[in-house]
Amino acid sequence: SFVYKTAPLYEVQFSAGTAISPRWYLAGDTVTDLPDPDKEGFKGWEDSSGHIVSTMTMPEKDVTLTAMYTVSGELESYSIPALNPFANGTALDDIISALPTNATLKLSGESSTVGVIVWDTSDISYDPAKEDDQKFAISGKVSLPDGVTNPSKISLDTTLSIEVYAKN
């Protein structure tokens, strides 16, 4: 006799002014058929870590992708996703690869877009062999896309705090 098991399906939801129905995938599926919301200025889909994705490997959890659009306007503020603490011994390259690549820019007129973040990883004080809790900061600079101005001279220099847990 055969035993059949059902693999769980995980949902991809699409947000930010789209009426696109959710889609379902198995964990590990390569998702290449992300929809185009057919709105002027569509730039791409942003995942929860702030990355613009055109394809992705489906994780073992539901995912929400946010539609991002190319817009123009004056910068009012920006935000950068925080990172969860890392396990003790995490390689520096793994921490660097987890850094968000985009900041969400809030513009005048209730619109938003993304700006690319360039991180300065040349002088990080971190030792993966250290068993104590470690906290350090990584500095970066947000670039404004074409069409976005900064008349209020908001600093585009940013710092992200990183924590690595102590060994248990």
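The values are calculated or read from the model by the stated rules, or taken from the named source; none is laboratory data. Remember, it's a predicted structure, so these values are computed and weren't measured experimentally. Using ideal geometry, Cβ is built from the backbone for each residue, glycine included, and neighbour counts are taken over all protein chains shown. These accessible areas exclude ligands, DNA and RNA; they are computed on the full protein's heavy atoms, side chains included. Shrake-Rupley method; radii C 1.70, N 1.55, O 1.52, S 1.80 Å.
Taking every protein chain into account, the 1.4 Å probe leaves L107 with about 0 Å² of accessible area, to the nearest ten. Across the stretch 90-99, computed HN-Hα scalar couplings (Karplus, 6.51 cos²θ - 1.76 cosθ + 1.60, θ = phi - 60°) run 4, 5, 4, 4, 5, 5, 4, 5, 8, 4 Hz from first to last residue, x flagging Gly and Pro.
Placing unit charges on the Cβ atoms only, positive for Lys and Arg and negative for Asp and Glu, gives the stretch 30-70 a dipole magnitude near 100 debye about its Cα centre.
Among W45, V118, L156, flag the residue with its Cα farthest along the positive direction of the charge dipole of the chain, charges on Cβ as +1 for Lys/Arg and -1 for Asp/Glu. Ranked along the dipole, the leading option is W45. Within the stretch 21-56, what residues put their amide N at less than 19 Å from the label point 7 Å along the Cα-to-Cβ vector of L9? The answer is 21-35, 56.
Accessible-area rank, largest first, for E40, E46, E76, E163: E40, E76, E163, E46, with all protein chains present and a 1.4 angstrom probe.
In terms of accessible area, using a 1.4 Å probe and ignoring ligands and nucleic acids, E60, E11 rank largest first as E60, E11.
Average 1/r across all pairs of distinct alpha carbons in the stretch 1-83, invert it, and you get the Kirkwood radius: 14.6 Å. Our estimate of slack between K61 and S21, defined as 0.36 nm per intervening residue step minus the Cα-Cα distance, is 12.6 nm. Shape analysis of the stretch 91-168 yields a ratio of the Cα radius of gyration to the Kirkwood radius, Rg/Rh, of 1.09. About its Cα centre, the stretch 22-146 has a charge dipole of approximately 140 debye under the convention of +1 per Lys or Arg Cβ and -1 per Asp or Glu Cβ, with nothing else charged. Strictly over 19 Å apart at the Cα level, which of K43/K153; K61/K167; K135/K167 would you flag in this model? The pairs that break the limit, which is 19 Å between Cα atoms, are K43/K153; K61/K167. According to the Kirkwood relation over distinct C-alpha pairs, the hydrodynamic radius of the chain is 18.3 Å.
Accessible surface ranking for I20, I162, 1.4 angstrom probe, highest first: I20, I162. Comparing A129, A166, T30 along the charge dipole axis of the chain, the residue lying farthest to the positive side is T30, per the Cβ-charge model. The Cα-based radius of gyration of the stretch 55-103, divided by its Kirkwood radius, gives an Rg/Rh of 1.04. Distance between the modelled labels on D127 and A91, one decimal in nanometres: 2.1 nm (7 Å Cα→Cβ projection). Annotation for the stretch 1-79: chymotrypsin sites (Phe, Trp or Tyr not before Pro) lying in DSSP loop with at most 11 further Cβ atoms inside 10 Å of their Cβ are F2, Y4.
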